[in-house]
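The values are calculated or read from the model by the stated rules, or taken from the named source; none is laboratory data. Bear in mind the structure is a predicted one, so any value in this text is a computation, not a measurement. So basically every Cβ, Gly included, is an ideal-geometry build from the backbone, and we count neighbours across all protein chains shown.
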Amino acid sequence: MGKQKTMISMAEQLSFELPVKAASGRDAFFISDANRTAVSMLENSAHWPQRKMILLGPKKCGKTHLLKIWIKENEALKIDPLNDFDQPSDGASVVVDNIQDMAGISAAETRMFHLHNHLHSTGGFLLMASNMLISQSGFQLADLLSRLQGISCTTVQRPDDKLLRAVLLKAFMDRQLSPPPTVFDYILKNMSRSFAAAFDIVKQLDAKSLAENRPISRGMATNILHNSISHD
């Protein structure tokens, strides 16, 4: 991957915290069996039933990354119904992330209901993402709930080993960190098998390395992994 050239060795690491620069383009998204179907579905939005789709998946699985790619490639508008907004133009392509967050918030549910109806009546596209099933989200507005439940879904599954390795590598790259291969493999083998765990351990290792002004080591990783498992 071309992005690997941006990684710098531990000997070259500066002692102060570097800004996190998350790569978010298509070339930074790793496709595996866990997300292949979802990627294919988003690439074929012309065939979505009623021009709508819900992207499901656990936290930190790459949903937001996929939304950013779709926004760029479809000149779409991202809208947050938790805040007031002007209705988009007729026939617009719209993205709404984390739709589960608006469940139970009357004003947000009402905005989402009107947005859905506006896009439906004007031939627009609507792509949404959620980390839980609509039926489990707790939506209170019956008319909105029925509409959301009628929308097709595609799912990003929990990571297989290939995808988890790529996500862990990207998390280190985004923070401009390059742990020794033996430490990287140790973390991958012993960490919890989730996207959230990959980002969390890298964040903790980054902070600990900076606080102690020393490179990431196996002992450092062991300590963080042990504490993480004991709190699960």
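Numerical summary
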quantity: Search result, residues across segment 46-72 that are among the hydrophobic types (A, V, I, L, M, F, W, C) and either buried (at least 19 other Cβ atoms within 10 Å of the Cβ) or in contact (Cβ under 8 Å) with a residue 24 or more places away in the chain (or both); calculated: W48, M53, I54, L55, L56, C61, L66, L67, I69, W70, I71
quantity: Matching residues, segment 35-88, being part of a loop (DSSP other than H, G, I, E, B) and among the charged types (D, E, K, R); calculated: K59, K60, E75, D80, D84, D86
quantity: Selected residue (only one of E75, E43 is exposed (fewer than 15 other Cβ atoms within 10 Å of the Cβ), of a type in the set (D, E) and at pLDDT below 95); calculated: E43
quantity: F113 vs. criteria modelled with pLDDT of 95 or more and part of a helix (DSSP H, G or I); calculated: yes
quantity: Segment 173-194: number of residues that are in contact (Cβ under 8 Å) with a residue 12 or more places away in the chain, farther than 16 Å from N223 by Cβ and not hydrophobic (A, V, I, L, M, F, W, C); calculated: 8
quantity: Selected residue [out of contact with any Lys or Arg (no Cβ under 8 Å at 6 or more places or on another chain) and assigned to a helix (DSSP H, G or I)] from T222, T182; calculated: T222
quantity: Segment 166-212, residues that are aromatic (F, W, Y) and closer than 17 Å to G62 by Cβ; calculated: F172, F195, F199
quantity: Subset of segment 159-207 [surrounded by 17 or more Cβ atoms within 10 Å (Cβ to Cβ) and of a type in the set (V, I, T)]; calculated: V167, V183, I187, I201, V202
quantity: Subset tally (residues that are of a type outside the set (V, I, T) and in a loop (DSSP other than H, G, I, E, B)) for segment 185-219; calculated: 8
quantity: Residues (exposed (fewer than 14 other Cβ atoms within 10 Å of the Cβ) and either of a type in the set (V, I, T) or over 19 Å from K59 (Cβ atoms) (or both)) located in segment 118-138; calculated: S121, T122, G123
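This table checks each residue for (1) among the aliphatic types (A, V, I, L, M); (2) touching a strand residue (DSSP E or B) at 6+ places or on another chain (Cβ under 6 Å); (3) in contact (Cβ under 8 Å) with a residue 60 or more places away in the chain.
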residue: A76; (1), (2), (3): yes, yes, no
residue: D80; (1), (2), (3): no, no, no
residue: F85; (1), (2), (3): no, no, no
residue: V95; (1), (2), (3): yes, yes, no
residue: S121; (1), (2), (3): no, no, no
residue: N131; (1), (2), (3): no, no, yes
residue: L141; (1), (2), (3): yes, no, no
residue: I151; (1), (2), (3): yes, yes, yes
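Yes/no per residue for (1) closer than 27 Å to L163 by Cα; (2) touching a Lys or Arg at 6+ places or on another chain (Cβ under 8 Å); (3) assigned by TED's automatic domain parsing to the domain that holds F199:
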{"site": "S45", "(1), (2), (3)": "yes, yes, no"}
{"site": "L55", "(1), (2), (3)": "yes, yes, no"}
{"site": "C61", "(1), (2), (3)": "yes, yes, no"}
{"site": "D86", "(1), (2), (3)": "no, no, no"}
{"site": "G91", "(1), (2), (3)": "no, no, no"}
{"site": "F113", "(1), (2), (3)": "no, yes, no"}
{"site": "L127", "(1), (2), (3)": "yes, yes, no"}
{"site": "D143", "(1), (2), (3)": "no, no, no"}
